[in-house]
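Below is one structure, written out as structure tokens; comments come after it.
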Amino acid sequence: MGRWGLSSQELSRVEVMGRVKAGSLRLQEAAELLGLSYRQAKRVWARYRGGGAKALQHGNCGRISNRAHPEEFRQAVLVQVRRRYADFGPTLAAEHLEEEDGLQVAAETLRRWMKASGLWRRQRARKPYRQRRMRKPHFGELVQLDASFHPWLEDRAANGCLMHMVDDAIGTVLCQFSAGETTWAAAHLLRAWFECYGVPRALYTDWKNVYVRTANAQERLRGTKAVTQFGQMCAKLGIRIIAASSPQAKGRIEWVHGTHQDRLVKKLRLAGVSHYEAANAYLQEHYIAQHNHHYARPATAEADYHRQRPTARQLDEVFWLEQERVLSADWWCVTKTTCCNSRGRIVTGRRPRAGCWCGRIKPETSHSLSRTESALSRTLCRRYGAERGKRRCPFPRVPASSNIRPTCFPQVQWPRGFNEKAFLDYGIFITLFPHLHSSMAAR
């Protein structure tokens with residue numbers, strides 16, 4: 001069935017011919033307005049005078065097309081669509097109707113039929129609505145942390161990783177190049193922020209395993225919260241980590257990434273920087289101060305939410321990698337690495353002081369227990385000191401042996417100038433594993 005009303009072109013002709021009839025427009029001028037010749041305009045004017053606006057309507061309006069499908073065929077197609085293809089789109093439904101049911105109909109025709117019968121509604125792929133988040137009012141209330149991988153030195157060096165922090169309130173940035181987006185890269189940048197401004201209240205990051213992670217099966221069974229190594233460092237400093245669900249959520253730092261990828265690349269080229277060590281020096285000496293002077297803005301509130309910067313000694317106590325170790329009854333400590341497991345035995349001597357260092361285990365097959373770029377295992381003998389004050393010894397004495405340090409296993413390394421025999425008597429590492437106390441005491 002065709003249309004019933006007048007088209008826009010026909011309505012325009014009716015309006016112009018009405019002005020000609022009223023005498024406000026000559027027929028020659030009406031022909032120019034309608035884009036018709038004078039002879040054609042005379043024909044349109046004659047039809048309008050004879051039948052009015054209805055006479056200017058196309059003659060096929062309201063008539064069924066000679067090539068239209070019969071009504072019985074249309075109903076059969078719609079019944080089949082309702083029965084088998086109710087959730088199909090017009091194109092897919094037309095394909096299956098032809099292949100499986102022998103009903104051949106064009107996809108556009110089927111779309112009109114489905115739309116008229118309420119089986120199809122045009123669905124636009126709209127973008128999800130995201131409400132714009134206002135800036136935090138206080139400096140240090142929220143700091144965004146992210147990394148940007150880009151050919152910063154163009155063809156002069158390989159792609160690099162720019163670790164980047166941006167304050168949400170004023171837009172102050174701090175950045176440095178690193179080998180990758182790792183735990184220590186984020187920790188080094190965070191410590192540099194402490195030295196410049198203090199300890200922020202919260203960090204806004206993405207869902208990378210460096211910052212946050214999902215709980216594993218054992219943690220879900222125990223009901224414990226999954227915390228990364230970087231998360232443990234921030235928890236000790238009272239910094240809350242907020243994970244963004246999308247890049248748009250932390251769009252402020254994403255915008256600054258684009259600024260750096262445009263301006264910093266050109267400035268490094270002009271400065272003749274060809275390696276990332278020199279690029280870090282250029283950032284500290286020139287670029288960061290220039291960028292903050294140009295783009296930073298005053299905060300809405302005057303109060304600074306940064307807490308006082310901890311001392312270097314306090315920060316050294318925070319930036320450790322803590323990992324669990326399995327201590328057997330004969331004092332063998334198993335070190336779990338990404339490639340294999342290695343073992344080392346704890347040397348026993350005289351009774352240790354309460355609160356002293358327990359030593360460092362550095363396996364030869366892994367760097368997971370080193371101090372700076374890898375982890376370091378440290379334990380305080382507080383439990384031993386508490387039990388010693390009660391005049392009782394909770395841990396069994398393990399006799400020392402002459403061959404307890406095989407060369408194929410990692411060795412226990414002590415701080416320089418420390419008396420090893422005056423250090424370990426009982427299970428120092430047992431403070432990491434309180435669940436072993438009962439089984440060891442039973443022996």
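Looking only at residues that are in a loop (DSSP other than H, G, I, E, B) and open to solvent by less than 60 Å² (accessible area, probe 1.4 Å) in region 21-46, which one is nearest to LEU97 (Cα to Cα)?
So in region 21-46, the residues in a loop (DSSP other than H, G, I, E, B) come out as 23-26, 35-37.
Of the ones still in play, those that are also open to solvent by less than 60 Å² (accessible area, probe 1.4 Å) are 25, 36.
Numbers: LEU25: 56, LEU36: 46 Å.
Looking at the filtered set, the residue picked out is LEU36.
Please name all residue pairs, on different chains or six or more residues apart, with Cβ atoms under 7 Å, provided the first residue is in region 59-82 and is hydroxyl-bearing (Ser, Thr, Tyr) and the second residue is loosely packed, with under 12 Cβ neighbours inside 10 Å.
SER65/GLY2
Given the conditions (1) modelled with pLDDT of 90 or more; (2) farther than 30 Å from TYR197 by Cβ; (3) open to solvent by 40 Å² or more (accessible area, probe 1.4 Å), which single one is not true for LEU78?
Exception for LEU78: condition (3).
Please work out which residue is nearest to ALA185 (Cα to Cα), limiting yourself to region 211-242 and to residues that are modelled with pLDDT under 90, open to solvent by less than 40 Å² (accessible area, probe 1.4 Å) and of a type in the set (A, V, I, L, M).
Once the filter is applied, the top-ranked residue is ALA226.
Which of (1) modelled with pLDDT of 90 or more; (2) touching a strand residue (DSSP E or B) at 6+ places or on another chain (Cβ under 6 Å); (3) open to solvent by less than 20 Å² (accessible area, probe 1.4 Å) does LYS250 not meet, given it meets every other one?
Only one criterion is unmet by LYS250, namely (1).
Based on this model, can you work out whether GLY18 counts as without any contact (Cβ under 8 Å) to a residue 60 or more places away in the chain, more than 58 Å from the chain's Cα centre (by Cα), part of a helix (DSSP H, G or I) and surrounded by 14 or more Cβ atoms within 10 Å (Cβ to Cβ)?
yes
Going residue by residue through region 109-116, is there one that turns out to be of a type in the set (A, V, I, L, M), at pLDDT 90 or above, surrounded by 11 or more Cβ atoms within 10 Å (Cβ to Cβ) and in a loop (DSSP other than H, G, I, E, B)?
Among the residues of region 109-116, not one is of a type in the set (A, V, I, L, M), at pLDDT 90 or above, surrounded by 11 or more Cβ atoms within 10 Å (Cβ to Cβ) and in a loop (DSSP other than H, G, I, E, B), which makes the answer no.
Condition check: closer than 24 Å to ARG111 by Cα, touching a helix residue (DSSP H, G or I) at 6+ places or on another chain (Cβ under 9 Å) and assigned to a helix (DSSP H, G or I). Does LEU97 satisfy that? First the steps, then the outcome.
Details: closer than 24 Å to ARG111 by Cα: yes; touching a helix residue (DSSP H, G or I) at 6+ places or on another chain (Cβ under 9 Å): yes; assigned to a helix (DSSP H, G or I): yes.
Here the answer is yes, as LEU97 does meet what is asked.
Here is a yes/no grid of residues against (1) among the hydrophobic types (A, V, I, L, M, F, W, C); (2) touching a residue at least 40 places away in the same chain (Cβ under 8 Å):
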| site | (1), (2) |
| --- | --- |
| ALA86 | yes, no |
| PRO90 | no, no |
| ALA94 | yes, no |
| VAL105 | yes, no |
| GLU108 | no, no |
| ARG133 | no, yes |
| CYS175 | yes, yes |
| ALA186 | yes, yes |
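When you scan region 193-230, how many residues do you find that are more than 30 Å from ARG135 (Cα to Cα) and of a type in the set (A, V, I, L, M, F, W, C)?
Residues of region 193-230 that are more than 30 Å from ARG135 (Cα to Cα), as a first pass: 215-224.
Okay, now just the ones that are also of a type in the set (A, V, I, L, M, F, W, C), so 215, 217, 221.
Number satisfying all stated conditions: 3.
Would you check if there is a residue in region 260-282 being closer than 27 Å to ARG309 by Cβ and surrounded by fewer than 15 Cβ atoms within 10 Å (Cβ to Cβ)?
Checking region 260-282: at least one residue is closer than 27 Å to ARG309 by Cβ and surrounded by fewer than 15 Cβ atoms within 10 Å (Cβ to Cβ).
Count, please, the residues in region 1-15 that happen to be under 12 Å from GLN57 (Cβ atoms) and not in a helix (DSSP H, G or I).
6
I need the full set of residues from region 211-235 which are of a type in the set (Lys, Arg) and in contact with a Phe, Trp or Tyr (Cβ under 9 Å, 6 or more places away or on another chain), in order please.
Hit for region 211-235 is ARG213, nothing else.
Filter region 290-321 down to the residues that are hydroxyl-bearing (Ser, Thr, Tyr) and more than 18 Å from MET134 (Cα to Cα) and list them by number.
THR311
Say we look at region 136-180 and pick out the residues that are acidic (Asp, Glu) and surrounded by 20 or more Cβ atoms within 10 Å (Cβ to Cβ); which of these is farthest from ARG297 (Cα to Cα)? Give the derivation first.
Residues of region 136-180 that are acidic (Asp, Glu), as a first pass: 141, 146, 154-155, 167-168.
Filter once more, keeping what is surrounded by 20 or more Cβ atoms within 10 Å (Cβ to Cβ): 141, 146, 167-168.
Numbers: GLU141: 15, ASP146: 21, ASP167: 10, ASP168: 10 Å.
In this case the residue turns out to be ASP146.
For region 47-67, enumerate the residues that are open to solvent by less than 50 Å² (accessible area, probe 1.4 Å) and among the small types (Gly, Ala, Ser).
Listed by number, the residues that qualify are GLY51, GLY52, ALA53, ALA55, GLY62.
The values are calculated or read from the model by the stated rules, or taken from the named source; none is laboratory data. The shown structure was predicted, so the numbers you read here are calculated from the model rather than taken from an experiment. Positions of Cβ are generated from backbone atoms using ideal geometry, with glycine treated the same way; all protein chains shown enter the neighbour counts. Heavy atoms of the whole protein, side chains included, go into the accessibility calculation; ligands, DNA and RNA do not. Shrake-Rupley method; radii C 1.70, N 1.55, O 1.52, S 1.80 Å.
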